[in-house]
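*Asks:* So that we are looking at the same thing, I have put the structure below in structure tokens.
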Amino acid sequence: MNLAFSSDAERRLQELLGRYPNRQAAVIPALHLAVREFGYLSPEAMDLVARRLEVPQSLVLGTATFYTMLHKRPVGRYHIQVCMNVACYLKGSDNLANQLKDRLGIGFGEVTPDGMFSLEGVQCLAACGMAPVIQVNKDYHEDMTPAKVDALLDQLRSAPGGEK
Amino acid sequence: MTMFPTTSQTSPTRGYLLRCGNDEFIDLKRHRELGGHAALRKALAMTPDAVREQVKAANLRGRGGAGFPAGTKWGFLPKDNPKPRYLVINADEGEPGTFKDRYFLDHDPHALLEGVIITAWAIGAHQAYIYVRGEFFRPIERLESAIKELYDAGVIGKTVMGKPFDLDIVVHQGAGAYICGEESALLESIEGKPGRPRMKPPFPAVVGLFGCPTIINNVETMAGVRLILEHGADAFLAMGLPKDGGPKVFGLSGHVKRPGLYEGPMGLSLKKLIFEYGGGTIDDKPIKGVIPGGSSTAVLLPDQLDITMDFEGVKAAGSSLGTASVMVFTEGTCPVAVLLRIARFYAHESCGQCTPCRDGTGWLERIVESIEFGHGRPGDCDLLISAANQIMGNTICALGDAAAIPVISFVQQFRQDFEDHIRLGACPYGNKPEGH
Ligand SMILES: Cc1cc2nc3c(=O)[nH]c(=O)nc-3n(C[C@H](O)[C@H](O)[C@H](O)COP(=O)(O)O)c2cc1C
Ligand code: FES
């Protein structure tokens, strides 16, 4: 299968290339772009980035596998990340993690069968003063409580068209 | 919603760094209403040399954690290197407990950007990269909107406020790797590679981004540069300490009534921060421990809290100011469980390049985990300290030390809790250990 970027993404790629003195420096931005386009980095997507940037495939693979946000597997429409680090731990993040596992019926690193949710335990999200913190896709949800987690899940379930 | 309880009424330096709170955003118009770009105008009327001298005189110590004087670092740039110079801003904000730089990106990007433009002028850089932590999608949108305002207003681009000096500012989004906060790993990451720290020397000021001389500074350091130019070096010194100038943003989290960001002078009393600004502990419980500067700094006991929050002050107590991100935990908290979160973090984030760090951080995690899960063995405390000591000083970058220091300090400060855990085969506080 020959994957291609949308024309929008192509435009963005050209813009990105103008920001750096060489093409290799655009690898991470281009991989971000590919994740946004295709949801995750399949071997074909990484190959596409290597071809478009004219850099070796091995280099793209090496970089893609180093960074946690460059998903190598599909995640849910809503990717829920629970901060498990100290400040959030002190404010009860373990309970929130268990609540999410129970309600979604999945563990960390898993996706619900309908592809709607994935769950991950993550490191400090740099919002410790507002702990405990959960990130859903691009958004932070701060000062979370079990009731707020319930409300958040209900809201996400009823708005399946939400932005990725 | 983000909540930043801004400075307490009693804070003498209210509003220099934290200019807004809660859900506010300072755009270019508001920045100008607040006197924005006055500092930049002053800088552009001076020679770059004179700007560097002023920053040096202000004793601005880097706010990224190590406290290296900014003016001194800028002085390391080679004078006769024909290659372009780069300015790189570290907005990776990864040290657990730290949440100050996001404030600038999310609420007051022009305070940062004005410092960036001044610094670029001072060091002769025509290109600045701001490396922002990957998870900060919304802050990145806001930072980029502020940069666009500057281009549109002709503040940067082909000229800087009409002066024949071209400057481009580009945001580079990280992708989820704490190690990229380490300055040389950050450079590798901008170059499109895995974030593996480089051997030093050469230091980035000599061989940095794309092989060119590069200055790397933290976000809050840039905000400090702006204040130095606006108020003058003497006034900046007066806002802090003679050897450690300026106001500072302090983060407060954990078991306190009012967690958040607070501004105070460099040298603020730690007790004042916790009890006055932070309102004391939840339910007024006694404090069990305080991590003063992010998770890599040594934990302090309740009888060690009579200190000032500045680089020398916290060092005198046997710890470090780090990012001035204070985490408080009260009686009833199990230190083994807290240390496990820290040990897991560094094991997860080791880049794997050097053996003492890659293997050592894994060992530390597994030993703390076995104690937490009730499988600790007599001698584990000494084993932890000796394993940590074998990492200290033996790694390419400071992540190894960052992993070792909390282990050594937790075991030393809370030895009885660790021994009880091992002896009972369970948590003396009745905690149920959690898997990950
Ligand atoms: C493992 C590790 C992680 C770091 N993370 C950060 C970070 O997230 N943000 C930061 O500004 N500095 C971080 N630093 C410090 C940087 O290497 C560097 O000293 C700093 O960005 C210099 O800026 P300053 O002089 O203005 O403080 C880290 C250092 C290490 C060893
Ligand atoms: S510990 Fe959770 S945001 Fe920092």
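*Asks:* Within straight cross-link reach of B:Lys56, meaning Cα distance under 30 Å, which lysines are found once same-chain residues fewer than 8 apart are removed?
*Replies:* Of all the lysines, those that pass the test against B:Lys56 - Cα under 30 Å, at least 8 places apart if same chain - are B:Lys42, B:Lys73, B:Lys79, B:Lys83, B:Lys100, B:Lys158, B:Lys163, B:Lys200, B:Lys243, B:Lys248, B:Lys272, B:Lys315.
*Asks:* Taking every pair of distinct Cα atoms and averaging 1/r, then inverting, what Kirkwood hydrodynamic radius in Å comes out for chain A?
*Replies:* So the Kirkwood estimate lands at 17.2 Å.
*Asks:* Straight-line reach from A:Lys101: which aspartates and glutamates fall under 17 Å, measuring Cα to Cα and dropping same-chain residues less than 8 apart?
*Replies:* Hits, sequence-local ones excluded: A:Glu110, A:Asp114, A:Glu120, A:Asp150, A:Asp154, B:Glu434.
*Asks:* If I ignore ligands, DNA and RNA and count only protein heavy atoms, how much of B:Leu186 is accessible to a 1.4 Å probe, in Å² to the nearest 10?
*Replies:* Here the accessible area works out near 0 Å².
*Asks:* With only Lys, Arg, Asp and Glu charged, each at its Cβ (+1 for the first two, -1 for the last two), find how big the charge dipole of chain B is about the Cα centre; round to the nearest 20 debye. Walk me through the numbers before you get to the answer.
*Replies:* Details: 45 positive and 50 negative charges, 158 e Å.
Around 760 debye, computed over chain B.
*Asks:* For chain B, with all protein chains present and a 1.4 Å probe, just round the carbon and sulfur fraction of the accessible area to a whole percent.
*Replies:* Values: 8170 of 15360 Å².
Within chain B, the accessible surface is 53 percent carbon and sulfur.
*Asks:* Would you compute the Debye intensity of chain B from its alpha-carbon atoms alone, equal scatterers and no solvent, and pass along log10 I(q)/I(0) at q = 0.07 Å⁻¹ to two decimals?
*Replies:* Listed by q, the Debye log ratios stand at -0.34.
*Asks:* Calculated from DSSP H runs of 4 or more alone, at -39500 (n - 2.57) each and per residue, what is the 222 nm mean residue ellipticity of chain B, nearest 500? Mind showing how you got there, number by number?
*Replies:* Values: 16 runs with 169 residues, N = 436.
Result for chain B, helices only: -11500 deg cm²/dmol.
*Asks:* Could you compute how much accessible surface B:Cys397 exposes when probed at 1.4 Å, giving the result in Å² to the nearest 10?
*Replies:* 20
*Asks:* Could you tell me what percent of the DSSP beta bridges with both partners in the stretch A:56-153 are antiparallel, to the nearest 5? Each step should come with its number before you reach the end.
*Replies:* Numbers: 8 of 14 bridges.
Taking every DSSP beta bridge within the stretch A:56-153, about 55 percent pair in antiparallel fashion.
*Asks:* What nm value, rounded to one decimal, do you get for the distance between B:Met199 and B:Lys257 when each label is placed 7 Å out toward the C-beta?
*Replies:* Each label point lies 7 Å from its Cα, and together they span 5.6 nm.
*Asks:* Need one number: nm distance between label points at B:Ile385 and B:Ser370, each 7 Å from Cα along Cα→Cβ, rounded to one decimal.
*Replies:* Computed distance between label sites B:Ile385 and B:Ser370 equals 1.9 nm.
*Asks:* Which angle from 0 to 90°, rounded to the nearest 10, does the C-alpha axis of helix B:399-413 make with the longest principal axis of chain B?
*Replies:* Approximately 40 degrees, to the nearest ten.
*Asks:* Which angle between 0 and 90 degrees, to the nearest 10, do you get for helix A:146-157 versus the longest principal axis of chain A when only C-alpha atoms count?
*Replies:* 50
*Asks:* How big is the dipole moment of the protein assembly as shown about its Cα centre under a simple scheme where the beta carbon of each Lys and Arg is +1, that of each Asp and Glu is -1, and everything else is neutral? Debye, nearest 20, please.
*Replies:* The dipole magnitude comes to about 1020 debye.
*Asks:* Note down, for the stretch B:357-436, the three equivalent ellipsoid semi-axes (square root of 5 times each alpha carbon gyration tensor eigenvalue), biggest first, whole angstrom. Can you show the working numbers first?
*Replies:* Details: eigenvalues 110, 32, 20 Å².
Over the Cα atoms of the stretch B:357-436, the semi-axes work out to 23, 13, 10 Å.
*Asks:* Could you state, as a whole-number percent, how many of the C-alpha pairs of the protein assembly as shown are farther apart than 41 Å? Before the final figure, lay out each step's value.
*Replies:* Working: 38400 of 179700 pairs.
Of all Cα-Cα pairs in the protein assembly as shown, 21 percent lie more than 41 Å apart.
*Asks:* Sum up the charges of everything whose Cβ sits under 15 Å from the Cβ of B:Gly425, counting Lys and Arg as +1 and Asp and Glu as -1, but leave B:Gly425 out.
*Replies:* On the way: positive: B:Arg377, B:Arg423, B:Lys432; negative: B:Glu369, B:Glu372, B:Asp380, B:Asp417, B:Glu419, B:Asp420.
Its environment carries a net charge of -3.
*Asks:* Same structure, new question: Distance from the Cα centre of the stretch B:56-91 to that of the stretch A:1-34, in angstrom?
*Replies:* With the stretch B:56-91 and the stretch A:1-34 each reduced to a Cα centre, they are spaced 31 Å.
*Asks:* Using a Förster distance of 60 angstrom, determine the FRET efficiency expected from the C-beta separation of B:Leu301 and A:Ser6, and round it to 0.05. Each step should come with its number before you reach the end.
*Replies:* Working: r = 58 Å, r/R0 = 0.96.
Calculated value: 0.55.
*Asks:* Name the residue farthest towards the positive end of the dipole of the stretch B:66-197 from the options B:Thr159, B:Asn90, B:Gly181, assuming +1 on Cβ of Lys and Arg, -1 on Cβ of Asp and Glu, about the Cα centre.
*Replies:* Sorting the options by dipole projection puts first B:Thr159.
*Asks:* With unit charges on the beta carbons (Lys and Arg positive, Asp and Glu negative) and the dipole taken about the Cα centre of chain B, which residue among B:Pro201, B:Ile287, B:Ser320 sits farthest to the positive side?
*Replies:* The residue sitting most towards the positive pole is B:Pro201.
*Asks:* I'd like to know which of B:Leu150, B:Gln54, B:Ala66 lies farthest towards the positive end of the charge dipole of the stretch B:24-180, counting +1 on Cβ of Lys and Arg and -1 on Cβ of Asp and Glu.
*Replies:* Projecting each Cα onto the dipole axis, the largest value belongs to B:Gln54.
*Asks:* Going 7 Å from the Cα of A:Met116 toward and past its Cβ, which residues in the stretch A:128-145 have a backbone nitrogen under 17 Å from where you end up?
*Replies:* In the stretch A:128-145, the label zone of A:Met116 (backbone N under 17 Å from the point 7 Å along Cα→Cβ) covers A:136-137.
*Asks:* Let me know the Rg and Dmax you get for the stretch A:78-158 when you use only its Cα atoms, in Å.
*Replies:* Just the Cα atoms of the stretch A:78-158 yield Rg and Dmax of 11.4, 35 Å.
*Asks:* Right, next: Need the list of aspartates and glutamates near B:Lys148 for cross-linking: C-alpha distance under 17 angstrom, and skip anything on the same chain fewer than eight residues off.
*Replies:* Output for B:Lys148: A:Glu15, B:Asp27, B:Asp106, B:Asp108, B:Glu114, B:Asp166, B:Asp168.
*Asks:* Related question: Summing Lys, Arg as +1 and Asp, Glu as -1, what charge do residues with Cβ under 10 Å from the Cβ of B:Gly240 carry, B:Gly240 excluded? Before the final figure, lay out each step's value.
*Replies:* On the way: positive: B:Arg61, B:Lys243, B:Lys248; negative: B:Asp244, B:Asp310.
After counting each charged neighbour, the total is +1.
*Asks:* Indicate the gyration tensor shape class of the stretch B:247-330 (rounded, prolate or oblate), computed on the Cα atoms with a ≥ b ≥ c the square roots of the eigenvalues: a/c under 1.5 is rounded; otherwise a/b larger than b/c is prolate and the rest oblate.
*Replies:* Values: a/c = 1.63, a/b = 1.22, b/c = 1.33.
Here the stretch B:247-330 falls in the oblate category.
*Asks:* With all protein chains present, how much of the accessible area of chain A (probe radius 1.4 Å) comes from carbon and sulfur, to the nearest whole percent?
*Replies:* Details: 3510 of 6940 Å².
Using a 1.4 Å probe with all protein chains present, chain A comes out at 51 percent carbon and sulfur.
*Asks:* Roughly speaking, what is the centre-to-centre gap between the stretch A:106-164 and the stretch B:286-317 when only Cα atoms are used, to the nearest Å?
*Replies:* Spelled out, the Cα-based centre of one part sits 33 Å from the other.
*Asks:* Treating only the Cβ of Lys, Arg, Asp and Glu as charged (+1, +1, -1, -1), what charge dipole size does the stretch B:304-428 show about its Cα centre? Round to the nearest 20 debye. Please report the intermediate quantities before stating the final value.
*Replies:* Values: 8 positive and 15 negative charges, 55 e Å.
Its charge dipole is roughly 260 debye.
*Asks:* Here is a further query. Could you state the orientation-averaged shadow area of the convex hull built on the Cα atoms of the stretch A:7-66, in nm² to one decimal? Walk me through the numbers on the way to the answer.
*Replies:* Values: hull surface 14.6 nm².
For the Cα atoms of the stretch A:7-66, the hull's average projected area reads 3.7 nm².
*Asks:* Kindly write out, for the stretch B:282-291 in residue order, the coupling ³J(HN,Hα) from the Karplus curve 6.51 cos²θ - 1.76 cosθ + 1.60 (θ = phi - 60°), rounded to whole Hz, with x marking Gly and Pro.
*Replies:* These are the phi-based 3J(HN,Hα) values: 4, 6, 6, 5, x, 6, 9, x, 9, 9 Hz.
*Asks:* May I ask what percent, to the nearest 5, of DSSP beta bridges between residues of chain A are antiparallel? Could you put the intermediate results ahead of the total?
*Replies:* Numbers: 8 of 14 bridges.
Bridges in chain A that DSSP calls antiparallel: roughly 55 percent.
*Asks:* Report the accessible surface area buried between chains A and B, summing both sides, using a 1.4 Å probe on protein heavy atoms only, in Å² rounded to the nearest 100.
*Replies:* Values: alone 9200 and 17410 Å², together 22300 Å².
Approximately 4300 Å² gets buried when A meets B.
*Asks:* Same structure, new question: So how do B:Glu114, B:Glu349, A:Glu37, B:Glu312 rank on accessible area, 1.4 Å probe, biggest first, that is with the largest at the start?
*Replies:* B:Glu312, A:Glu37, B:Glu349, B:Glu114
*Asks:* Tell me, what is the per residue accessible area of the stretch A:7-66 in Å², probe radius 1.4 Å? Working shown, then result.
*Replies:* Numbers: 2730 Å² over 60 residues.
Per-residue value: 46 Å².
*Asks:* Further question: Kindly report the accessible area of the stretch B:45-185 per residue (heavy atoms of protein chains, probe 1.4 Å, no ligands, DNA or RNA), in Å².
*Replies:* On a per-residue basis, 32 Å².
*Asks:* Volume per residue, Å³, of the convex hull around the alpha-carbon atoms of the stretch B:91-152?
*Replies:* Details: hull volume 5.4 nm³, N = 62.
Value for the stretch B:91-152: 87 Å³ per residue.
*Asks:* Counting DSSP beta bridges with both partners in the stretch B:247-330, what percentage is antiparallel, nearest 5? Before the final figure, lay out each step's value.
*Replies:* Details: 14 of 18 bridges.
Antiparallel: roughly 80 percent of the beta bridges in the stretch B:247-330.
*Asks:* Determine the order of B:Arg52, A:Arg36 by accessible area, beginning with the largest, at a probe radius of 1.4 Å. Walk me through the numbers before you get to the answer.
*Replies:* On the way: B:Arg52 60, A:Arg36 165 Å².
From most exposed to least exposed: A:Arg36, B:Arg52.
*Asks:* Once each part is reduced to its C-alpha centroid, what is the distance from the stretch B:182-230 to the stretch B:232-285 in angstrom?
*Replies:* 27
*Asks:* Are there residues in the stretch B:90-111 whose accessible area shrinks by at least 50 Å² when all protein chains are included rather than the chain by itself, and which are they (probe 1.4 Å, ligands and nucleic acids not counted)?
*Replies:* By number: B:Phe99, B:Arg102.
*Asks:* Still on this model: For A:Asn98 and A:Glu15 in one chain, what is 0.36 nm times their gap in residues minus the Cα-Cα distance, to one decimal in nm? Intermediate results must be reported in sequence, preceding the final value.
*Replies:* Values: separation 83, 0.36 × 83 = 29.88 nm, distance 4.29 nm.
Full-extension gain reported as 25.6 nm.
The values are calculated or read from the model by the stated rules, or taken from the named source; none is laboratory data. All of these numbers come straight from a predicted model, not from anything done at the bench. Glycine also receives a Cβ, built like all others from the backbone with ideal geometry; neighbour counts cover every protein chain displayed. Ligands, DNA and RNA are excluded from the accessible area calculation, which covers all protein heavy atoms including side chains. Shrake-Rupley method; radii C 1.70, N 1.55, O 1.52, S 1.80 Å.
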